[in-house]
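The values are calculated or read from the model by the stated rules, or taken from the named source; none is laboratory data. In this text, all values refer to a predicted model and were calculated from it rather than measured experimentally. Backbone-built Cβ (ideal geometry, glycine too); neighbour counts: all protein chains shown. Note: areas computed on protein heavy atoms with side chains; ligands, DNA, RNA excluded. Shrake-Rupley method; radii C 1.70, N 1.55, O 1.52, S 1.80 Å.
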Amino acid sequence: MSFLYRINLLNFVYMKKISVILTLLAFGFCSQQALAQGKYVHANNIPVTVLGTTLKNPWVGGFNAPIFSEIDMNGDGRKDIFVFEKDGNRISTFINQGTPNTVDYVYAPEYAKKFPVSMHDWVLLKDFDCDGKEDIFTYSYSGGMTVYKNDYSSSSGLKFNLAYNLVYSKYGPVTANLYVAAVNLPALVDVDYDGDLDVLTFPVSGSFVEYHENKGVELFGKCDTLVYQLNPSCFGNFGLSGLANTGILNAGCRMGEPQAPVIDLENLSTMHSGSCMIAFDIDGDYDRDIMNGDILGNNMLMLYNGGDSTVANMNVQDDNFPSYDTPINLITFPSPYYLDVNNDGNKDLLTAPCISGSAENYNNVLYYINTTDNNSNIFNYQQNRLFVEDMVEVGAGANVTFTDIDSDGLKDLIVGNYGYFRPIPPFESGLSYYRNTGTATNPAFELQTIDYGNFFSLSLTGLDPSFGDIDSDGDQDLFLGNTDGTIIWYTNTAGAGNTPVYTITQPELLASTGSPIDVGQFSSPQIVDVNRDGKLDLIIGERTGTINYYENTGTPFAPQFTLVTTQFGGLNVNTSLTIYGYSNPCLYDSAGTYQLLVGSISGYMYQYNNIDGNLNGTFNLVDSMYYGIHEPDRSTVDVADLNGDGINEIAVGNNAGGIALYKWDTSSEVSEVIGTTFGFNIYPNPASEMITVKFDSQLLKSRNIEIIDLLGNIISELTTDNNVAVIDTRNLSQGVYLCRVVENSNVITRKFIVK
């Protein structure tokens, strides 16, 4: 039997404003675009309507495998919602409006910047030091947990500081890291009701639950210390089946003690990795029961504790929970969350996938309301798209494109996707059409269909659209990229100003050689006049992270695409941690000069210039984190001036199936100067022994260079009058660092990696 593991190796998440030093990451970088002082911010006020209802939080970015936690982020005494998306390690934060008996949360992305940048794989918020403020528990690459303490104050607001780099426990005479797998979720709860936070988790192998008892109260008389010791018996005297998400009751696993009876031993899994559980007192009898979601089933398992707070004994189970109502059935690997979402004081039940990729990605947040209280906990099914129903969401993989579909002069939004989950593969991939029903200065979008052009019928995945008048007849034709690396050519036969009618011209777009254009996998086309000769050319992103350039060597009426290079601009947007880049190009004109933005697997956008007159050369990398916008993972990008102010709005899709929309904002004070006269690059990046900081300007000026870790600590600092500085990195641990340069009042920061 094989088991599905989800271990994210990427550690690229939002740049957080942990200290004043990191503020500039949220505020942007030096840009060649002629922009007034300001920054790109979320355009949450641009409305989206679906079936007559205006979405409450349209531009959140989607959910594939969300982990939900409660926390008061703004100090108003109400529990807000923190969501950690396993697919890309993305954070979404929602402020609770506090309306009684109502699910009433507003997307507040500014709070995401308050959380540490180094969280990955899973995050749970639990109060470990009894101060009433939820702290952070997150996976450590060492095979355990890292803990950050919540140091919120009315003066500084939400703030976290590292408390435990790695949590340890005593395994008999040996002290080692308290093991929690990347694919699992532990239960963090006061098991024995002594006031400190205990841990229930699965060991490296096997199906028994380990109980790590916190000895903080016993040893020190306080609950603000994590001092763990493994209880020698398996918690609850049960194991999990290796065949399905069901319990094997009366199964003992005592270490160093007489072996308890084991029932149905042959069905116990010895390598059971893939369980996400919670522990709470479901029946009010002062002990901890367990609810478990599992890689081996779509059901939820409820195990009732017939013991007590000292000795647990699971003696009753419901493997179709809640069998008294609509049972949970979520493909694949559901995970439970116990929190009050409707402001009635009773904790409700949410269920979402604990893994992405092979799981439900659209109807994927099940909401069960608690109809009684926190002692009896009767859950009734309400819906299967909580929070998701308020977003622009297309399943998995959002490929964004602006174009004027209805010829009314306003840019509409077309979103291709990797696909909507289907129990029988493949996913169902199509185009969603959001018509711009606003005005030239006040955009608004309304969903028309999720199958624009009837492309579900293709049975392909990863549809990525690009529109352009290929044959110069006045209407917009369509190129469709997809996961197999080819491109489908559709001619719009409707004529200018009419509702488009797409007729397939070439099921595989041919190059001038007569062979199909095939970039390998995940073709991401853009129709654009690259060489400004009046004919539309073609650039194509792909999985490897490079861009292909095909020049139109035909006529404006009968195109012929001739390969110029598979390394357009000499660029590649893959990372040191992957062999892929998933390049998504957006070449656009800015005041008569081409700029290139490229979405990438990291979730950042790369910005390039020096393109005009240099099509066979190497483009200049202006920024690898364009204005700090980060939508992990596999960001896609397109730009359009939606409000007529002369500055582009930016739509960014991601692998979780949602979209973030950004607009330019000049109202916020910023500490750095946009359009500053200097820039710099860092190489090699990643580095092992040293980095070279090379400045663009040839003018000799005094500059202060700081190397900063992601907790905001200044590791090293130097002042130089030279245009090149070499910095030793041999004493730095592996990870992500920031290089901040200050010249007079100008500040620029770049990221680099030490491997």
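Straight-line reach from Lys535: which lysines have Cα under 30 Å away, leaving out those fewer than 8 places along the same chain?
Hits, sequence-local ones excluded: Lys411.
Modelled label-to-label distance, Gln448 and Lys694, 7 Å Cα→beta-carbon offset: nm?
4.9 nm
Take the Cβ-Cβ distance between Ile579 and Ala176 as r, set R0 to 30 Å, and report the resulting FRET efficiency rounded to the nearest 0.05. Walk me through the numbers before you get to the answer.
Numbers: r = 33 Å, r/R0 = 1.10.
Once rounded, the FRET efficiency stands at 0.35.
Looking at Leu510, Asn616, Phe522, which one has the Cα that reaches farthest to the positive end of the dipole of the chain (charges on Cβ: Lys, Arg +1; Asp, Glu -1)?
Ranked along the dipole, the leading option is Asn616.
Taking Lys694 as the anchor, which lysines have their alpha carbon closer than 18 Å to its alpha carbon, excluding any fewer than eight residues away along the same chain?
Answer for Lys694, where 18 Å is the Cα cut-off: Lys751, listed by chain and number.
Looking at the range 116-182, which chymotrypsin sites (Phe, Trp or Tyr not before Pro) are DSSP coil and have at most 16 other C-beta atoms within 10 Å of their C-beta?
On the way: sites: Trp122, Phe128, Phe137, Tyr139, Tyr141, Tyr148, Tyr152, Phe160, Tyr164, Tyr168, Tyr171, Tyr179; in loops: Trp122, Phe128, Tyr141, Tyr152, Tyr179.
In loop regions of the range 116-182 (DSSP not H, G, I, E or B), the sparsely surrounded chymotrypsin sites (Phe, Trp or Tyr not before Pro) are Tyr141.
Given R₀ = 30 Å, what would the calculated FRET efficiency be for Tyr193 paired with Tyr141, taking r from the Cβ atoms and rounding to 0.05?
Details: r = 33 Å, r/R0 = 1.10.
Calculated transfer efficiency: 0.35.
For the range 324-329, take each phi angle, set θ = phi - 60°, evaluate the Karplus expression 6.51 cos²θ - 1.76 cosθ + 1.60, and give the result in whole Hz per residue in order, putting x for glycine and proline.
Karplus values, whole Hz, x for Gly and Pro: 7, 9, 7, x, 5, 9.
Is there a quick way to get the dipole size of the chain? I mean about its Cα centre, with the Cβ of Lys and Arg at +1 and of Asp and Glu at -1; what is the value in debye to the nearest 20?
Numbers: 38 positive and 86 negative charges, 365 e Å.
So the dipole magnitude of the chain works out to roughly 1760 debye.
Taking 0.36 nm per intervening residue step and subtracting the Cα-Cα distance, what contour gain separates Asp473 from Ile714 on full extension? Display every interim value, and only then the final one.
Working: separation 241, 0.36 × 241 = 86.76 nm, distance 5.93 nm.
Computed gain between Asp473 and Ile714 is 80.8 nm.
Dividing the Cα radius of gyration by the Kirkwood radius, what Rg/Rh value follows for the chain?
Working: Rg = 27.1 Å, Rh = 27.5 Å.
On the Cα set of the chain, Rg over Rh gives 0.99.
From the residues Ser241, Ile91, Asn454, which one has its Cα farthest along the dipole of the chain in the positive direction, the dipole being from +1 and -1 charges on Cβ of Lys/Arg and Asp/Glu about the Cα centre?
Of Ser241, Ile91, Asn454, it is Ile91.
Give the aspartates and glutamates whose C-alpha is closer than 17 Å to that of Lys755, dropping any in the same chain fewer than 8 places away, or say none.
Hits, sequence-local ones excluded: Glu689, Asp709, Asp728.
Which three extents, in angstrom, do the Cα atoms of the range 421-512 have along their principal axes, listed largest first?
42, 38, 18 Å, listed from the longest principal axis down.
How do Lys694, Lys133 rank by accessible surface area computed with a 1.4 Å probe, from largest to smallest?
On the way: Lys694 100, Lys133 55 Å².
Ranking Lys694, Lys133 by accessible area, largest first, yields Lys694, Lys133.
What list of whole percents do you get for P(r) of the range 369-427, with Cα-Cα distances grouped in 10 Å bins up to the one holding the largest distance?
18, 26, 25, 18, 10, 3
Using unit Cβ charges (K, R positive; D, E negative) and no other charged atoms, how large, in debye to the nearest 20, is the dipole of the range 587-644 about its Cα centre? Can you show the working numbers first?
Numbers: 1 positive and 7 negative charges, 28 e Å.
In total the dipole reaches around 140 debye.
Let me make sure I get this right: for the range 348-387, a, b and c are the square roots of the gyration tensor eigenvalues over alpha carbons, sorted descending. Under 1.5 in a/c it's rounded, otherwise prolate if a/b > b/c, else oblate. Which is it? Intermediate values should be presented prior to the final figure.
Details: a/c = 4.20, a/b = 2.37, b/c = 1.77.
Prolate is the answer for the range 348-387, as a/c is 1.5 or above and a/b outweighs b/c.
Counting other Cβ atoms within 10 Å, keep those with at most 12, restrict to DSSP loop, and tell me which chymotrypsin sites (Phe, Trp or Tyr not before Pro) in the range 307-408 are left.
Passing both the DSSP loop test and the Cβ count: Tyr324.
If each DSSP helix of 4+ residues adds -39,500 (n - 2.57) and the sum is divided by the residues in the chain, what number results at 222 nm, nearest 500 deg cm²/dmol?
Numbers: 2 runs with 10 residues, N = 755.
Roughly -500 deg cm²/dmol at 222 nm, from the helical runs in the chain.
With +1 on each Lys and Arg Cβ and -1 on each Asp and Glu Cβ, and nothing else charged, work out how big the dipole of the range 431-548 is about its Cα centre, in Debye to the nearest 20.
On the way: 4 positive and 15 negative charges, 45 e Å.
It works out to roughly 220 debye.
Within the chain, what whole-number % of the accessible surface is contributed by carbon and sulfur, with the 1.4 Å probe and all protein chains included in the calculation?
Values: 13480 of 27120 Å².
The computed percentage sits at 50.
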